Amino acid sequence: MNQHGLIIAGIALLAVGTYLIRFAGVKLGNRLAITERTQSLLADAATVLLLAVAATSTLFEGQHFAGMARVLGVLFAIFLAWRKAPLITIIISAAVMTALLRYFGVP
């Protein structure tokens, strides 16, 4: 199977898995007694997973370090989010910061 076929198969597998998890949640949601502590742990697990994906895509491009320009751009976006800037401002500002750093030779 070629590279594109594997990618399509992976996407299809993830889509089916996501659908089945959502379907199971609807069908089993009222039948299972889940404590508040378990609900809190599940919510925290989702947050940790998203942070792990964000950190990986910030630091790496493929198997190599993405460069300081990207890291500094993401840190700038985090700073703007902490200052409660609008989302579009955060996205554009971080992209401009990263582009300027790369233009001036920061890898």
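Working note: Karplus 6.51/-1.76/1.60 with θ = phi - 60° gives the range 92-107 the couplings 5, 5, 5, 5, 5, 4, 5, 5, 5, 4, 5, 4, 8, x, 6, x Hz, where Gly and Pro are set to x. Here the 3J(HN,Hα) profile of the range 54-62, calculated from phi with Karplus coefficients 6.51, -1.76 and 1.60 at θ = phi - 60°, is 5, 5, 5, 6, 6, 8, 10, 10, x Hz, Gly and Pro shown as x. Highest average first, the peptides 68-77, 24-33, 41-50 ordered by how many other beta carbon atoms sit within 10 Å of their residues are 68-77, 41-50, 24-33.
Each residue of the range 8-16 was assigned a 3J(HN,Hα) from its phi angle through the Karplus curve 6.51 cos²θ - 1.76 cosθ + 1.60 (θ = phi - 60°); the sequence is 4, 5, x, 4, 5, 4, 5, 5, 5 Hz, with glycine and proline shown as x. State the label only: which of [x] 35, 23, 12; [y] 19, 17, 12; [z] 42, 11, 9 corresponds to semi-axes √(5λ) of the Cα gyration tensor in Å computed from the shown model? Answer by label: [x]. Between A95 and V16, the modelled label-to-label distance comes to 3.6 nm, taking each label 7 Å out from Cα in the direction of the beta carbon.
Entry comment: accessible area of the chain is 84 Å² per residue, from protein heavy atoms only and a probe of 1.4 Å. Model label points for I7 and R37, set 7 angstrom from Cα along the Cα-to-Cβ axis, are 4.5 nm apart.
The values are calculated or read from the model by the stated rules, or taken from the named source; none is laboratory data. If you're wondering where the values come from, they're calculated on a predicted model, not measured in any experiment. Cβ: placed from backbone, ideal geometry, glycine included. Neighbour counts: every protein chain shown. Ligands, DNA and RNA are excluded from the accessible area calculation, which covers all protein heavy atoms including side chains. Shrake-Rupley method; radii C 1.70, N 1.55, O 1.52, S 1.80 Å.
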